[in-house]
Each structure stands twice: as C-alpha cells, then as structure tokens.
Amino acid sequence: MKSSIISKRELFPSSEIKKIDLLQNQKILEFISHYIDLMEPSSIFLVTDSREDYEYIRRKSLEEGEERQLAVKMHTYHFDNYYDQARDKENTKILTPNGENLPFINTMERSAGIAEVEGLMKGIMRGRTMIIGFFSLGPKDSPFSMKGVQITDSYYVMHSDMMLYRTDFDYFVRNPGADFLRFVHSQGEVDTRKVSKNLKNRRIYFDLDGNRSLSVNTQYAGNTVGPKKLAFRITINRALKEGWLSEHMFLMGVNGSGGRITYLTGAFPSACGKTSTSMIPSEKIVGDDLVFIKEDRGKARAINVENGVFGIIDGVNEDDDAKLWNAIYSDREVIFSNVLVHNGEPFWNGMGVDIPDSGENHSGIWKRGNKDAEGNEITPSHKNARFTISLDSFDGLDREALEAKEGVVVGGMIFGGRDSDTWPPVCESLNWNHGVINKGASIESETTAATLGKTGVRTFNPMSIMEFMSVDLGKYVRNYLDFGAKLKDKPLIFAVNYFLKENGKFLNEKIDKAVWLKWMEKRIHGEIGAVLTPIGYIPKYEDLKPLFKSVLNKDYTVKEYEEQFRIRVAKLIEKDVRIKEIYKGIRTTPAEVFRELDEEIGRLKKLKEEKGDSVSPVAQM
Ligand code: OXD
Ligand code: MN
C-alpha cells in the first residue's frame, strides 16, 4: 500500500510528503496516520538521516524557545516545569491484558489505559508540528539492534533523541516489512517558559503488546525520550520472551596488563555512580546506561544501545570527573537541563566553583534564598539537573566497541547500590547463580533524586531495574539464571558499594572505584588470589596496596582495609533475611533464590558463632 493512507496529506508540506512517499512500510504509515487523526497536528516534519534535518531540529528547538543559547556556541539549555524534574512513578503504568497485577509494578488494564491516554491526546497537537524520528537502538545493521519510531511535538525531545541515538530513516526505506518500537509523546500545553503545564494529566503508559509507549503532558527526558527509558520497558519484556538480557548497565573497557582490554557491564540505580564509573579517566567508555546482552557461541556479548549520554550533572567537578568535564567544556554540542544560568554560563551544585546568587533556573528567575510553594529553599540547580552529550565528545571513547555489530565479550558484570552499612566496597560472587541472586537480585539502595519523591529511603532495587521493570520479577530472575546456564564462559559477577559509612562518614573516596575496577579485571584473568568469605571473594590487602599506589598514588593502610572490608555479619544476615521475605511474596520466584540465600545465611551464621557480629577481613585469611 502507498502512503496515500496518510490522512490529511494536503495539509502537509510537500517536502515532508516526499519523505513519507519514500516509506513503503505499511505499519509505519498506519501508525503515523492513526496519531495524525488523533492528535490533529497542523504540520508534520520527518527526520531523515541528513545533516540538514539534524540542524533543522536543533535550530527549531532554539527558535521555539524549548532550548536557549549559552555563551559557548554549541551549548544550549532547557528547563522542565519545576514539578516535572524526574521520572513520575505514580503516573507511569504498565498496561496488561485484563489488568493482571505484577509484583512491584503499577499496572492498569490495557484498553482502559490506552483509552485514557489517547483521550488526553485528542487534538493535542492542534496548531503544532508533529515531528517523526526514526532510530536504531544499537549499531546499525547489528543483529542486536532494534528500531524505533518516535512521534513528538517537542523539538527538545527530538533533539535529545538525535544526540543520544543513531537516526536510521534509511533502514525503514530499505525494509518495508520491518517492525519497530513505537514512542508517542506530546508535551501538551506549555506556559510562557515553554514548559508543560498540565502536570495533573501527566501520563507515561506502556503498551507492551503493542510495542508502544504513550506519554503526555511532560517534557522531562526520562518520561519522553522514546528510545531510552521508554523503549527499555518494552525491551525488558522482549528479552525475557527471547532469552537474552536488556539491562540498566554501563559498558566499559578496563585496561589490563599487556595492552588487553576487558569489558565490564555495571548496573547501579540512578545517581549511584554508574555514569561516573563508566567515565573513569584511566579506562575506556563505551556507554553509561543501557546494554543488550546475548549469548553467542557460549560467550556473553554486549552492545551499548545508545550513542550519547543523558547524565546527572549535580556534583560533577573537574577533579573527580575529568573525562566528563573535558567533554562538557569542549566546543562540542551539549544540552544542559535544569541548571542555573547566569550571564550565559551554566552552573550546578557541587561543580567546585563559586555559584552566583542569582540567575534563571528551573523555578524561573531565581535569587538565593527563594522558596518554593511548599516553603523549601530552591537550590541553584535541581539535584537531577542533567547534561545531554554525544559519546563522540569523550576522550578515551572505545569507538570500535561502540560500533561493534557483534558486540564485545563481557568479562564481568558489576552490581552496585547506595548502601551505607552492609556490603563491602567490592566483592566477587562465588559463581553465576550466587552473583545473580545474592548480588544482582538483592540490591537495596537508598533512593535518589532521579525519581520524584523522598530521597534516602532504603529500597529494594534488583539489578537496578525496578523503576523500569515491566515483567514479573520471578520470571525475570529465572531468565537470568537460564541465560547463565547457556554460557560456557560465564562473566564473573561482582558487587560494589561506593557508599559505605562509619559514624556518618564515607569510608571511601569517590575515586577509589578506579582501584576496584583494576582488581576485578585481574580477577577475571585469574591473575590474583582473594579472600573467601561467606558472601564471596574479597580482595587481599597485599593486592590492594600496590594497586592503590599504582592507580591513585595513594598509600593504602591496613587500617583502611580493615574498616572497609570488615564483614558486617549481623547486617548481612538481616539483609539476606529481608530479601528472602520479599521473594517469598512473589509466586514465581525460582527455587534457586531461596537455596542461595539460605546457604549464605548458613555460612554467615557459622561465622557469627565463631567470630562475632563484625569480622575483620584479616581474621578471615
Ligand atoms: C537515567 C535514569 O536517566 O536512570 O538514566 O534516571
Ligand atoms: Mn539510567
């Protein structure tokens, strides 16, 4: 069928009709047509892979006032509504047939959900342009990749999509039968600052059966940028059905001896060190947020799904984040969101320079001391203020790995959380199942600003995926265990914790993670030994001391080691019992989960009887 099925053709510019006519993919034409009829845009714009289209979108973001110019030519800034600064858990729902409940997931009956959100979308683009983008999730022409089509009326959202993902209009021209993920978004009515104003009608719904996300009355990128966290809900479901892993993980190359590079993935909840680990200056970044992992001839191979970084800027400073700092302060393109702008310069909390007392920020024209409607003092930038940047802008980008169509072999997988009193800074699991269950599926983390709501509350966050979870957790863990069973060369699984505290003080410096990475790399290649404890293998002091010296030029003391790697036996038992209780409430929990947790509790109890509630790592040797 020809694109004559596009309704209201006569309303649209001939340049765009020409592009549409290149598409013979009936599913796309029907998809576009449905939303033209529903949202009634006054015009359309199709984003092809051309440089002109990229520049047009960028220019329009500025002309429409969704982004504004900073002093540096390629730097712009964007604001979201003061109350639209993060993912909205309450109004994010997974639509399930018959409204089937899923553990920990906000679900809603599918047809009622679609009717509700499409009701809100009716006529919403009157007087506006519908922008349609075509993307590849993962390298083009890779067996890992998926394709997605984004509809939006926000130039900022499309601009972000284009910085973070590869456009792939050509694929759709070449493949009339191709299927794709569907992302439908409208920012809804905006106020004079161009921010979404009908927040009470903000909805982010996922129709997994239709491979579709529907989001409305919001601009925050976590709620709107289709190929990123919207696609993620859909790909988690796909991975489960097809026996692979779609994960909330960075992908990085760690430099080892003799010039070898070992690839590690890492899953951390938002704002817990995932981005900063992936950008450690001494190593190679491939991606900071989303990977697909598949089995290939007995090995686990991974790709980065993205082509850019949408990261938290709060606390980013020149000393701790040199690689990122250089990227941000190059002349490359950056969108800053929800930072403070003063005289054309962006500022954010914790950047390590003096922050002006006035300017414009997410609250509007701002002066230090200003309070919000709830009486809280407004900080210069929001805690979840972000930067959007292409991976191209980073020194030490592993381009070959980023573009590798067949992915790279995963040597290790890291799980981390924000945990002040339980896990040691780094620990290797006993084996795949122990790692999946007692590390990944047992992450508890204190909440952060990436989601609306209270921060600092200990929450269960298996694989750091909970906020994006779209399937039954028991089945998700089952899939992980089965995936490992297919592997001849299993990646080692590690747990890290950068947030251990004693008497309210952090026990580690931010940069210590550079040492843990080197330790893990050596373990993967069997180059060093370790101390066996009830929770897995921890480093020996004699291995860490030279690593601290060579990596950070730091004299690491036995006292530091003892404090950091003390086995907090009582706390660990409490934790395992808590986790067991949670899984008991999930009907589909695999039996292996209880077995692994019980065995670990048994080992810990034995140690407790022999040596007490808190045991020095030296005493373990
Ligand atoms: C993100 C998040 O934006 O996890 O990546 O919040
Ligand atoms: Mn993330």
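The values are calculated or read from the model by the stated rules, or taken from the named source; none is laboratory data. As the structure is a computational prediction, the values presented were derived from the model and not from experiment. Cβ coordinates were reconstructed from backbone atoms using ideal geometry, including for glycine residues, and neighbour counts include every protein chain displayed. Side chains are part of the model used for accessible areas, which takes the heavy atoms of the whole protein and leaves out ligands, DNA and RNA. Shrake-Rupley method; radii C 1.70, N 1.55, O 1.52, S 1.80 Å.
Among the candidates V615, V577, which residue alone is in contact (Cβ under 8 Å) with a residue 40 or more places away in the chain and among the β-branched types (V, I, T)? Don't jump to the end; show me each part of the working.
Details: V577 fails: in contact (Cβ under 8 Å) with a residue 40 or more places away in the chain.
Step by step, each of V615, V577 is checked, and only V615 is in contact (Cβ under 8 Å) with a residue 40 or more places away in the chain and among the β-branched types (V, I, T).
Only one of the listed residues (R193, R182) is in a strand (DSSP E or B) and open to solvent by 20 Å² or more (accessible area, probe 1.4 Å). That residue is R182. Scanning the range 303-320 for residues that are of a type in the set (D, E) and either away from ligand 2 (no atom under 16 Å from the Cβ) or open to solvent by less than 10 Å² (accessible area, probe 1.4 Å) (or both) yields E306, E318, D319, D320. For S442, the conditions (1) in contact with a strand residue (DSSP E or B) (Cβ under 8 Å, 6 or more places away or on another chain); (2) more than 30 Å from D331 (Cα to Cα) all hold with the exception of (1).
Residue count for the range 317-338 satisfying the condition of being out of contact with any strand residue (DSSP E or B) (no Cβ under 8 Å at 6 or more places or on another chain) and not in a loop (DSSP other than H, G, I, E, B): 3.
May I ask you to verify whether F499 is of a type in the set (F, W, Y) and in contact with an Asp or Glu (Cβ under 9 Å, 6 or more places away or on another chain)? Let's see the steps before the verdict.
Working: of a type in the set (F, W, Y): yes; in contact with an Asp or Glu (Cβ under 9 Å, 6 or more places away or on another chain): yes.
So F499 fits the description; yes.
Remark: pairs (first residue in the range 287-302, within 16 Å of ligand 2 (Cβ to nearest atom) and modelled with pLDDT under 95; second residue open to solvent by less than 10 Å² (accessible area, probe 1.4 Å) and not in a strand (DSSP E or B); Cβ separation under 9 Å; 6+ apart in sequence or on different chains) are absent.
Pick from F250, F172, F183, F206: which is in contact with a strand residue (DSSP E or B) (Cβ under 7 Å, 6 or more places away or on another chain), under 27 Å from K299 (Cα atoms) and not assigned by TED's automatic domain parsing to the domain that holds S363?
Working: F172 fails: under 27 Å from K299 (Cα atoms); F183 fails: under 27 Å from K299 (Cα atoms); F206 fails: under 27 Å from K299 (Cα atoms).
Result: F250 is the single residue among F250, F172, F183, F206 that is in contact with a strand residue (DSSP E or B) (Cβ under 7 Å, 6 or more places away or on another chain), under 27 Å from K299 (Cα atoms) and not assigned by TED's automatic domain parsing to the domain that holds S363.
For V190, state whether it is within 21 Å of H34 (Cα to Cα) and among the aliphatic types (A, V, I, L, M). It is false that V190 is within 21 Å of H34 (Cα to Cα) and among the aliphatic types (A, V, I, L, M). Against the definition (outside any strand (DSSP E or B), buried (at least 21 other Cβ atoms within 10 Å of the Cβ) and of a type in the set (S, T, N, Q)), how does S213 come out, yes or no? No, not satisfied.
Give the residue that is farthest from I511 (Cα to Cα), with candidates limited to residues of the range 252-271 that are hydrophobic (A, V, I, L, M, F, W, C) and away from ligand 2 (no atom under 13 Å from the Cβ). Walk me through it before giving the result.
Going through the range 252-271, the residues hydrophobic (A, V, I, L, M, F, W, C) turn out to be 252, 254, 261, 264, 267-268, 271.
Okay, now just the ones that are also away from ligand 2 (no atom under 13 Å from the Cβ), so 252, 254, 261, 264.
Values: M252: 16, V254: 15, I261: 20, L264: 18 Å.
Only one residue tops the list, namely I261.
Among the candidates K93, K73, K60, the residue that is open to solvent by 30 Å² or more (accessible area, probe 1.4 Å) and assigned to a loop (DSSP other than H, G, I, E, B) is uniquely K73. Restricting D613, D598 to those that are in the same structural domain as F499 (by TED's automatic domain parsing), part of a loop (DSSP other than H, G, I, E, B), in contact with a Lys or Arg (Cβ under 9 Å, 6 or more places away or on another chain) and loosely packed, with under 14 Cβ neighbours inside 10 Å reduces the list to D613.
Among the candidates E16, E40, E67, single out the residue that is within 25 Å of F180 (Cα to Cα) and either open to solvent by less than 30 Å² (accessible area, probe 1.4 Å) or among the aliphatic types (A, V, I, L, M) (or both). Even if it seems obvious, please write down each step before you answer.
Numbers: E40 fails: either open to solvent by less than 30 Å² (accessible area, probe 1.4 Å) or among the aliphatic types (A, V, I, L, M) (or both); E67 fails: within 25 Å of F180 (Cα to Cα).
So the residue among E16, E40, E67 that is within 25 Å of F180 (Cα to Cα) and either open to solvent by less than 30 Å² (accessible area, probe 1.4 Å) or among the aliphatic types (A, V, I, L, M) (or both) is E16.
Pairs are defined by a Cβ separation below 8 Å, a sequence spacing of at least 6 or placement on different chains, a first member in the range 34-54 that is in contact (Cβ under 8 Å) with a residue 24 or more places away in the chain, and a second member that is open to solvent by 40 Å² or more (accessible area, probe 1.4 Å) and small (G, A, S); the pairs so defined are S42/G127. Test S445 against the criterion of being in contact (Cβ under 8 Å) with a residue 40 or more places away in the chain, within 16 Å of ligand 1 (Cβ to nearest atom) and in a strand (DSSP E or B), and give yes or no. Criteria met by S445. Pairing each residue of the range 420-438 that is over 18 Å from Y541 (Cβ atoms) and in a loop (DSSP other than H, G, I, E, B) with any residue that is open to solvent by 10 Å² or more (accessible area, probe 1.4 Å) and basic (K, R), provided the two are 6+ apart or on different chains, yields C-beta distances under 7 Å for S420/K501; D421/K501; D421/R568; D421/K571; T422/R568; T422/K571.
Can you tell me which residue among L487, L517, L572 is closer than 30 Å to E295 by Cβ, open to solvent by less than 10 Å² (accessible area, probe 1.4 Å), in the same structural domain as D419 (by TED's automatic domain parsing) and not in a loop (DSSP other than H, G, I, E, B)? Step through it out loud before you land on a result.
On the way: L487 fails: not in a loop (DSSP other than H, G, I, E, B); L572 fails: closer than 30 Å to E295 by Cβ.
None of the others qualify; the one that does is L517.
Here D289 fulfils each of the conditions (1) in a loop (DSSP other than H, G, I, E, B); (2) open to solvent by 30 Å² or more (accessible area, probe 1.4 Å); (3) acidic (D, E) apart from (2). Exactly one residue out of K274, K323 is away from ligand 2 (no atom under 15 Å from the Cβ) and of a type outside the set (A, V, I, L, M, F, W, C): that is K323. Taken over the range 379-410, residues that are touching a Ser or Thr at 6+ places or on another chain (Cβ under 8 Å) and of a type in the set (V, I, T) amount to 2.
Here is a yes/no grid of residues against (1) within 13 Å of ligand 1 (Cβ to nearest atom); (2) under 13 Å from the mean Cα position of the chain (by Cα); (3) touching a residue at least 12 places away in the same chain (Cβ under 8 Å); (4) surrounded by fewer than 19 Cβ atoms within 10 Å (Cβ to Cβ):
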site	(1), (2), (3), (4)
I234	no, no, yes, no
G243	no, no, yes, yes
L251	no, yes, yes, no
V254	no, no, yes, no
G258	no, no, no, yes
T262	no, no, yes, no
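Taken over the range 542-564, the criterion of being farther than 24 Å from G256 by Cα and among the aliphatic types (A, V, I, L, M) is satisfied by V558 alone. Here the range 274-283 is the region considered, the condition is being modelled with pLDDT under 95 and within 12 Å of ligand 1 (Cβ to nearest atom), and the residue that is most open to solvent (accessible area, probe 1.4 Å) is T275.
Return yes or no: is V341 open to solvent by 10 Å² or more (accessible area, probe 1.4 Å), in a loop (DSSP other than H, G, I, E, B) and farther than 30 Å from F206 by Cβ? When the stated conditions are applied, V341 does not pass them. All conditions but one from (1) closer than 23 Å to W519 by Cβ; (2) surrounded by 14 or more Cβ atoms within 10 Å (Cβ to Cβ) apply to E542; the one that does not is (2).
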